[in-house]
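Participant: Take this structure, written in structure tokens, and hold onto it; I'll ask about it next.
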Amino acid sequence: MGSDESGTSIINFATERVGLGPMRRDLIPTYLRWINDIEVARFVGMVQPMTEEQENRWFDALSRDETAVHFTIYDMAGPRPIGSVGLNGISRRDHKAELGVAIGESTLHGHGYGTEAVRLACDYGFNGLGLTNIMLRLIAFNERALRAYTRAGFTEFGRRRQCNFIGGQRFDEIYMDLLAEEFESPVLAHRLTEPPRR
């Protein structure tokens, strides 16, 4: 479920500041709190109340989806869960996927956690899954996310115009992508190829 018998969180890989570990059923109340926080939900285009039953169905569907890999994001100072990041629509044939990320603790927005989590998820996608292309979408008013994705190496390749209606206004949807050859691994390329310990 994402924690061991002692209740300690499982971290698959991490930088000094940010770690990624499995999604956890025992964290469903935390995920539910995050998605019901308007400061989080508005950036993912889901400004609607979510019930515990809906969140449980979402978690169950996620657990069965073989074309997606999702992680809980941890602040390694705790470690404590602060958000989630995932690769969706993974195509083994075309070596591509779509990335989605949310820092659930809204007080931590703008502090660089999202950028590091995105880089770690891309590290897993490129070096763990052998992907060639990872794309993402964001709503144009989310300038902070645009800066974070740009810092992580993504470049804009197109827009779907005025397709998001939020707060009585229409916004473009921005499409960005990143290629494996443009990415420098922060963790996994070295870890996956280091000699076994004796």
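Participant: At 222 nm, what helix-only mean residue ellipticity would the chain give, in deg cm²/dmol to the nearest 500, using -39500 (n - 2.57) for each DSSP H run of four or more?
Facilitator: On the way: 6 runs with 51 residues, N = 198.
Mean residue ellipticity at 222 nm (helix-derived): -7000 deg cm²/dmol.
Participant: Around ILE82, under 13 Å between beta carbons, what's the net of Lys plus Arg minus Asp minus Glu among the other residues?
Facilitator: -1
Participant: Now for a separate question. Put +1 on the Cβ of each Lys and Arg and -1 on the Cβ of each Asp and Glu in the chain; which of SER9, GLY114, ALA77 then has its Cα farthest toward the positive end of the dipole?
Facilitator: GLY114
Participant: Can you give the local net charge around HIS190? Use residues other than it whose beta-carbon is closer than 12 angstrom to its beta-carbon, Lys and Arg +1, Asp and Glu -1.
Facilitator: -2
Participant: What order, most packed first, do the peptides 162-171, 16-25, 91-100 have when packing is the mean number of other Cβ atoms within 10 Å of each residue?
Facilitator: The most tightly packed comes first, giving 16-25, 91-100, 162-171.
Participant: Assign unit charges at the C-beta atoms only (+1 for Lys and Arg, -1 for Asp and Glu), then state the dipole size of segment 13-186 relative to its Cα centre in Debye, rounded to the nearest 20.
Facilitator: Result for segment 13-186 is approximately 300 debye, rounded to the nearest 20.
Participant: Report the net charge of residues surrounding PHE171, where surrounding means a beta-carbon distance below 14 angstrom and charges are Lys +1, Arg +1, Asp -1, Glu -1.
Facilitator: Result for the local shell: +3.
Participant: Here's something else I'd like to know. For segment 70-198, rounded, prolate or oblate, judged on the Cα gyration tensor with a ≥ b ≥ c (square roots of eigenvalues), a/c < 1.5 rounded, else prolate if a/b > b/c?
Facilitator: On the way: a/c = 2.34, a/b = 1.40, b/c = 1.68.
Because a/c hits 1.5 or more and a/b fails to exceed b/c, segment 70-198 counts as oblate.
Participant: Now, a different point. Would you mind ranking HIS70, HIS111 so that the residue whose beta carbon has the fewest other beta carbons within 10 Å leads the list? It would help to have the intermediate numbers written out before the result.
Facilitator: Values: HIS70 18, HIS111 14.
Final ranking by Cβ density, sparse to dense: HIS111, HIS70.
Participant: Classify segment 1-97 as rounded, prolate or oblate, taking a ≥ b ≥ c as the square roots of the eigenvalues of its Cα gyration tensor: rounded when a/c is under 1.5, otherwise prolate if a/b is larger than b/c and oblate if not.
Facilitator: Taking the square roots of the gyration eigenvalues as a ≥ b ≥ c, segment 1-97 is rounded.
The numbers here are math on the coordinates, done by the rules we state, and not lab data. None of the values given here were measured: they were computed from a predicted structure. Here the Cβ is made from the backbone with ideal geometry for all residues, glycine too, and neighbour counts use every protein chain on show.
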